[in-house]
1. Taking just the C-alpha trace of the chain, give me its Rg and Dmax in Å.
2. I'd like the chymotrypsin sites (Phe, Trp or Tyr not before Pro) in the chain restricted to DSSP loop residues with at most 16 other Cβ atoms within 10 Å, sorted by number.
3. With charges only on Cβ, +1 for K and R and -1 for D and E, what is the dipole size of the chain about its Cα centre, in debye, rounded to 20?
4. What list of ³J(HN,Hα) values in whole Hz, one per residue of the range 51-62 in order, does the Karplus curve 6.51 cos²θ - 1.76 cosθ + 1.60 (θ = phi - 60°) give from phi, with Gly and Pro shown as x?
5. Expressed in nm to one decimal, what extension gain is obtained for the pair Phe80 and Met49 from 0.36 nm per residue of sequence separation less their Cα-Cα distance?
6. Out of the trypsin sites (Lys or Arg not before Pro) in the range 19-82, which ones are loop residues according to DSSP with at most 16 other C-beta atoms within 10 Å?
7. Could you run the Karplus curve 6.51 cos²θ - 1.76 cosθ + 1.60 with θ = phi - 60° over the range 64-81 and give me ³J(HN,Hα) per residue in whole Hz, x for Gly and Pro?
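What follows is calculated from the coordinates using simple rules that are stated; it is not laboratory data. Every value quoted in this text rests on a predicted model; they were computed, and no experiment measured them. Glycine gets a Cβ as well: all are built from the backbone with ideal geometry, and neighbour counts include every protein chain shown.
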Amino acid sequence: MEGQKGLDLGTGTGVLPRNMYRYGAEWTGTDISPEQIEQAKILADASNMKIEFQAVPAEQLTYKGESFDIITACQCFWYFDH
């Protein structure tokens, strides 16, 4: 994963990006909950992890195609506006 960019949709408190961080990818986590994103930032900062977190619904992301090598969405599909 070294040198790759990962996006975690519905990241919550950033568990997945924090656990995958050691493998070398640059991670971005997004979630609809500003409170969970604040906790994600606190937890990542406490471990000196440079992970970008944004409070934004998945349906409103503005990244261009092919911005990420990896996209994850664990346990959050039922919350998306289909």
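1. Rg, Dmax (Cα atoms, Å): 11.9, 36.
2. Loop-located and lightly packed - Tyr63, Phe80.
3. 220 debye
4. Taking θ as phi minus 60°, the curve returns 10, 8, 10, 9, 8, 7, x, 4, 6, 10, 5, 10 Hz for the range 51-62.
5. Value of the extension gain: 8.4 nm.
6. Sites meeting the loop and neighbour criteria: Lys50, Lys64.
7. Per residue, the Karplus-derived 3J(HN,Hα) values read 6, x, 6, 6, 10, 8, 9, 10, 10, 8, 8, 6, 9, 4, 5, 8, 6, 7 Hz.
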